[in-house]
1. State the percentage of accessible surface on region 145-263 attributable to carbon and sulfur atoms; use a 1.4 Å probe and exclude ligands, DNA and RNA.
2. Cα atoms only: what Rg and Dmax, in Å, come out for region 206-273?
3. Calculate the FRET efficiency for Ser226 and Arg139 from the Cβ-Cβ distance with a Förster distance of 51 Å, rounded to the nearest 0.05.
4. For the chain, what's the relative contact order in percent, using C-alpha pairs closer than 8 Å and at least 6 residues apart?
5. In what sequence, largest accessible area first, do Ser152, Ser226 appear using a 1.4 Å probe?
6. Starting from the Cα of Lys41, draw a straight line to each of the lysines and keep only those under 30 Å, dropping any in the same chain fewer than 8 residues away.
7. Tell me the per residue accessible area of the chain using a 1.4 Å probe; a whole number in Å² is fine.
8. Near the amide H of Asn101, under 5 Å away, which other amide H atoms are found, from residues 5 or more places off or on another chain, if H is placed in the peptide plane?
Amino acid sequence: MVRPVPMTPDIIINGKFLRAPMTGVHRVAFEICNALADLAKQNAPEMCGRRVEVWHSHDGRDKAESIGLPVRAVGPFDGALWEQTTLPARQGRSVLLNLCNLGPIASGNALTMIHDAQVLLSPKSYGPGFRLWYIVLQRILARRNSAILTVSQYSREQIAAAGLAPIECIHAVHNGVDHVLRVDPDTTVLDRLSLTGTSYALALSTVQEHKNIGVLLKAFAREDLSGMKLVLFGSASRETFAAAGHVLPPNVVFAGQVTDEELRALMQSARALLFPSITEGFGLPPLEAMLLGTPAICAPCGALPEVCGDAALYADPHEPEAWAAVLRYLGQHNDLHANFSALGRTRAEQFTWRNAALRLLEILDTVEDLRRISTNSSASASPNNQVPSA
């Protein structure tokens, strides 16, 4: 008996992210997939009847059920080997969508989302092997893919300035942030960290150079912030910071890796979310906090002004006193805190995953229309096979 070959979808989403720990980049992939699934269930006209599937190796099965789209395990191999060999070999005529910075170099009928140009802008934040792998692959993908996606106009300009692709071939798709409203806060984390009834600010726990957490440590070492705690969430431990040469004041609390439910509780109970990055492709945490009514204090760098606008407060990324001054002022003026709480929520409500999915479909329409025109007119392909931005 001959088994029928499964029908190839119109769009294949590279599901290698299913086997990876959740990061901001992987969050984008999960949420866009589920937003596309919702649009398909609603028979949204923007879907144009497209069939979309997430393909992964056998190693991604444990997370496959968290995706609303049809999911298909396509073997053999897994990881980068699966991505570079099995995936393009099985792709056929489908459009391949890579949402996590990398994709198979053998696939030309593809769009890859390169979230930022940090490996070029802040090379010390990454190991040499990682940096070389990303630079080489992304340059090849930028030449071969139908188009490049990114997450902000700032990243679009930086990727173009790095020479990866002409700016007209790069398309911005702003992230959504409404995923934070889908989980209930787990307030037990406040008791576990002895934060109940205390005043604290929240920030990422990372020693990556461009995240610039050192300026916060210096701010919280000041006498005028001694009565306030700095809570750091994420993978970097106290020992990691010490090994990197940072001096840790006694009012720094390490929360470690937290669940989405714990993070929501930490965000909505904080006086402010602090984000001092000297470059940033988008910046999910400030918007997440803003949607929960917590003011964000950011460095006026990268995509942060584009994303947060006038609804966030800003401080010089190189001046600890500036961060201490904004925090003091915010604590002393309840009306200012309430004002930025309302402004932030209104601003963040504009960034939804549905809007991100609709923007992605708009770009796909443009890419497909231009490809069809090119085919019908028998025009020769451009050297890098890319189409201009809408």
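1. Here it works out to 51 percent.
2. 12.1, 33
3. Working: r = 49 Å, r/R0 = 0.95.
Working from the Cβ atoms, E equals 0.55.
4. RCO, the chain: 16 percent.
5. Numbers: Ser152 0, Ser226 65 Å².
Reading off the accessible areas and sorting them downward yields Ser226, Ser152.
6. In chain and number order, the partners are Lys16, Lys63.
7. Accessible area per residue, the chain: 44 Å².
8. When sequence neighbours closer than 5 places are left aside, the close amide H contacts are Met113, His115.
The values are calculated or read from the model by the stated rules, or taken from the named source; none is laboratory data. Computed from a predicted structure; not experimentally measured. Cβ sites come from the backbone with ideal geometry, for glycine too, and all protein chains shown count toward neighbours. What goes into the accessible areas is simple: the full protein's heavy atoms, side chains included, and nothing from ligands, DNA or RNA. Shrake-Rupley method; radii C 1.70, N 1.55, O 1.52, S 1.80 Å.
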